[in-house]
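> One structure, pasted below without further comment.
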Amino acid sequence: PVQQRLRDAVREAERLDAAARSAGLVGPLHCIPILVKDQIDTRDMPTTYGSILFKTFVPQRDATIISKMRQAGAIVIAKSTMGEFASGYFGSGFGVVRNAYDPRRYASGSSGGTGSAVAANLAAVGIGEDTSGSIRGPAAVNNLVGLRPTTPLVSRFGALPSRPSMDTLGPITRTVRD
């Protein structure tokens with residue numbers, strides 16, 4: 001599955017580059033590799049919510065944030081591990097979320113896998129979900145930048161909320177420019 005995902009990402013980048021040669025960049029995220037917290041639906045890979053119970057669940061459609069990022073030219077390359085059902089840093093599907101700089105240290109919050117993956121340079125941008133610190137904490141402990149948007153500004157359609165009145169989706173990157 002990992003090799004197939006890599007081949008699919010390369011094919012998508014080639015398609016986007018061909019489009020750019022004939023008509024210009026597809027959008028502001030043209031060929032930017034992103035990964036998303038495993039709480040956000042993607043039509044082409046499993047969404048497990050960090051739980052073994054959903055190991056093979058592949059949604060029929062993308063979450064709104066994924067659709068919009070793909071329309072802007074982004075390439076979704078992977079899902080990042082998370083605390084089971086956005087609770088803490090352990091999930092039955094993948095185990096403990098580890099800090100990229102020191103695996104013995106805390107990755108901070110249920111988006112810790114996203115923060116660790118971006119810190120390890122596995123993608124330029126990661127999309128996390130924040131209820132009470134799950135974007136800001138992983139950004140802080142992994143020397144990254146995280147942005148927690150105001151709750152209603154980013155659609156949460158296709159993302160399983162922990163607390164619907166508080167949850168929001170946002171980016172984790174290495175720099176403000178990213």
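The values are calculated or read from the model by the stated rules, or taken from the named source; none is laboratory data. In this text, all values refer to a predicted model and were calculated from it rather than measured experimentally. For neighbour counting, all protein chains shown are included, and Cβ atoms are generated from backbone atoms with ideal geometry for every residue, glycine included. The protein model used for the area step is the full one, side chains on, heavy atoms only, and it has no ligands, DNA or RNA in it. Shrake-Rupley method; radii C 1.70, N 1.55, O 1.52, S 1.80 Å.
> Checking TYR49 against (1) in contact with a Lys or Arg (Cβ under 9 Å, 6 or more places away or on another chain); (2) under 14 Å from GLY158 (Cα atoms); (3) among the hydroxyl-bearing types (Ser, Thr, Tyr): exactly one of these is not met. Which one?
Answer for TYR49: the failing condition is (1).
> Can we say ILE172 is in contact with a Lys or Arg (Cβ under 7 Å, 6 or more places away or on another chain) and either open to solvent by less than 50 Å² (accessible area, probe 1.4 Å) or under 18 Å from ILE66 (Cα atoms) (or both)?
no
> Same structure again: Looking for something out of contact with any helix residue (DSSP H, G or I) (no Cβ under 9 Å at 6 or more places or on another chain), at pLDDT 95 or above and open to solvent by less than 30 Å² (accessible area, probe 1.4 Å) - is there at least one such residue anywhere in region 83-101?
No, region 83-101 contains no residue that is out of contact with any helix residue (DSSP H, G or I) (no Cβ under 9 Å at 6 or more places or on another chain), at pLDDT 95 or above and open to solvent by less than 30 Å² (accessible area, probe 1.4 Å).
> Search region 61-73 for residues being touching a strand residue (DSSP E or B) at 6+ places or on another chain (Cβ under 9 Å) and in contact (Cβ under 8 Å) with a residue 60 or more places away in the chain, and hand back the single one that is surrounded by the fewest Cβ atoms within 10 Å (Cβ to Cβ).
Filtering first and then ranking leaves THR64.
> What do you reckon, is ARG43 among the basic types (Lys, Arg), surrounded by 13 or more Cβ atoms within 10 Å (Cβ to Cβ), more than 21 Å from PHE90 (Cα to Cα) and modelled with pLDDT of 95 or more?
Against the criterion (among the basic types (Lys, Arg), surrounded by 13 or more Cβ atoms within 10 Å (Cβ to Cβ), more than 21 Å from PHE90 (Cα to Cα) and modelled with pLDDT of 95 or more), ARG43 qualifies.
> I would also like to ask the following. Need the failing condition index for ALA139 against (1) touching a helix residue (DSSP H, G or I) at 6+ places or on another chain (Cβ under 8 Å); (2) closer than 29 Å to ALA19 by Cα, just the number.
Result: ALA139 passes all but (2).
> Under 7 Å by Cβ, and 6 or more places apart or on different chains, what pairs join a residue from region 12-26 that is in a helix (DSSP H, G or I) with one that is among the β-branched types (Val, Ile, Thr)?
As it stands, the answer is GLU12/ILE75; ALA13/ILE75; LEU16/VAL26; ALA19/VAL26; ALA20/VAL26, since those pairs meet every condition given.
> Go over the candidates VAL58, VAL76, VAL36 one by one and state the one that is farther than 24 Å from VAL141 by Cβ, open to solvent by less than 20 Å² (accessible area, probe 1.4 Å), among the aliphatic types (A, V, I, L, M) and not in a helix (DSSP H, G or I).
VAL76
> Can I ask one more? Inside region 104-118, can you point out the residues that are surrounded by fewer than 24 Cβ atoms within 10 Å (Cβ to Cβ) and either closer than 18 Å to SER134 by Cα or in contact with a Lys or Arg (Cβ under 7 Å, 6 or more places away or on another chain) (or both)?
ARG105, TYR106, SER108
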